[in-house]
């Protein structure tokens with residue numbers, strides 16, 4: 001499904017990272033890799049270090065810390081927020097919505113919309129598209145998009161598919177109406193037949209957590225997980241990404257009438273370095289235009305990797321200037337989505353620690 | 001090319017004999033992490049980038065399969 005939008009822009013991105021750093025070396029002993037294999041994987045996959053939340057910290061805590069920072073520094077007006085979107089796979093509760101909890105925490109106005117969206121790896125793009133749709137309404141002039149995930153407690157310490165790469169983080173993105181008439185192109189694709197390629201089997205209403213679901217079991221590849229843990233069918237996810245993402249990007253650029261070389265930055269979701277480099281090769285993009293350093297420095301925090309990527313790698317270049325960027329997310333759902341837009345003259349674009 | 005493939009495989013998993021005519025995947029000689037490392041080594045050795053859609057276990061099941069994969073992806 002294709003979308004086009006006009007007169008909308010991102011005016012600020014704040015990424016909030018846990019201050020706790022865990023290194024690959026600290027965890028290597030859990031994975032039964034030989035030392036030589038570990039070193040090779042470190043280079044190929046981007047195993048280096050990741051940011052992990054403290055026990056008890058939830059997604060909303062990171063969002064509240066980030067929003068408070070923006071209020072305190074005069075970068076966001078609490079009363080000027082017309083919609084609050086919270087995109088996550090790790091809400092505080094089944095009910096109520098975490099977006100309502102955050103709205104209540106700050107005593108925000110009642111005349112607004114709060115909405116939780118259950119999305120992960122493509123959650124930044126899905127959230128932006130939802131924000132652009134909401135901004136078509138006369139009553140909505142400013143949307144705050146919160147992407148947040150604290151999924152590390154759901155990943156088994158002995159799952160070498162997922163544990164070395166998982167990260168926790170949140171981002172606060174401000175989207176507003178604008179006089180800028182440049183066109184934003186976007187698309188979304190979904191395939192629920194692959195819904196269980198990434199999943200947490202137990203803990204919902206279908207299979208409530210119990211003593212039985214907490215029992216650790218070994219899979220064919222030597223990973224140990226319980227049904228309460230996140231499962232990633234790594235091979236299937238890799239093949240899905242390599243098969244579906246390149247044609248999606250080709251289609252996006254074709255729809256926009258933009259050549260690959262005319263895009264300044266390809267800011268993609270970062271599951272691991274190997275997958276990103278293979279995508280870059282397939283699409284025909286130089287590695288320099290597709291940063292792949294988020295997962296090795298901070299870990300994969302699902303929908304937060306793209307805003308982290310923008311904050312970390314573009315910094316003030318999109319505060320002082322304008323860049324044409326291609327955003328893409330792909331993963332849980334299965335969902336894949338991309339956006340081509342200008343990023344520039346933002347009020348802020350930075351990382352803070354919580 | 002076959003000798004280069006066997007050398008790379010042996011460096012990755014020195015405990016196995018890759019001269020045998022057996023299925024490397026079914027025999028558990030290569031797991032998905034070995035394939036990541038193997039692809040990285042093959043890419044740099046042969047100056048190519050193996051297409052991501054070709055990175056499936058059956059293409060790494062024997063020296064012959066790996067050779068065919070390399071030829072398909074432009075290795076000389």
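Just so you know, all these numbers are worked out from the coordinates, no wet-lab data involved. Here the structure is a predicted model, which is why all the values come from computation and not from measurement. Neighbour counts run over all protein chains shown; Cβ positions are idealised from the backbone, glycine included.
For chain A, give the share of DSSP beta bridges that are antiparallel, in percent and rounded to the nearest 5; count only bridges with both residues there.
Working: 43 of 64 bridges.
Roughly 65 percent of the DSSP beta bridges within chain A come out antiparallel.
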- With N denoting the number of residues in region A:41-166, provide Rg(C-alpha) divided by 2.2 N^0.38 Å, to two decimal places. 1.19
- Item | Crossing angle, helix A:35-45 versus chain A [Cα axis fit, 0-90 degrees, rounded to tens] | 20
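Counting residues in region B:2-72 as N, plug N into 2.2 N^0.38 Å and put the Cα Rg over that result. Please report the intermediate quantities before stating the final value.
Values: Rg = 10.8 Å, N = 71, 2.2 N^0.38 = 11.1 Å.
That works out to 0.97 for region B:2-72.
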- Item | In degrees, nearest ten, helix A:123-134 long axis to first principal axis of chain A (Cα) | 20
- Item | At q = 0.11, 0.16, 0.20, 0.24 Å⁻¹, base-10 log of I(q)/I(0) for region A:176-286 (Debye sum, equal scatterers on each alpha carbon) | -0.56, -0.89, -1.12, -1.38
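Just from its helices, what would the mean residue ellipticity at 222 nm be for chain A, if runs of 4 or more DSSP H residues each count -39500 (n - 2.57) and the sum is divided by every residue, rounded to the nearest 500 deg cm²/dmol? Working shown, then result.
On the way: 10 runs with 97 residues, N = 354.
Here the helix-only value at 222 nm equals -8000 deg cm²/dmol.
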- Query: FRET efficiency for residue A:243 and residue B:27, Cβ-Cβ distance as r, R0 = 30 Å, nearest 0.05?
  - Reply: 0.60
- For the protein assembly as shown, what log10 I(q)/I(0) values come out of the Debye formula at q = 0.08 1/Å, with one point per alpha carbon and no solvent? -0.45
- Give the dimensionless ratio obtained when the Cα radius of gyration of region A:224-354 is divided by 2.2 N^0.38 Å. 1.09
- Inter-label distance for residue A:137 and residue A:236, nm, one decimal - labels placed 7 Å from Cα along Cα-to-Cβ: 3.6
- Item | Inter-label distance, nm, simple model (7 Å from Cα along the C-beta direction), residue A:261/residue B:64 | 4.4
- Task: Could you work out the Rg to Rh ratio of region A:64-118, with Rh taken as the Kirkwood radius (inverse of the mean 1/r over all Cα pairs)?
- Result: 0.96
- Full-extension gain in nm, residue A:347 to residue A:178, via 0.36 nm per residue minus C-alpha separation: 59.5 nm
- Item | Degrees between helix A:59-72 axis and first principal axis of chain A (Cα, 0 to 90, nearest 10) | 30
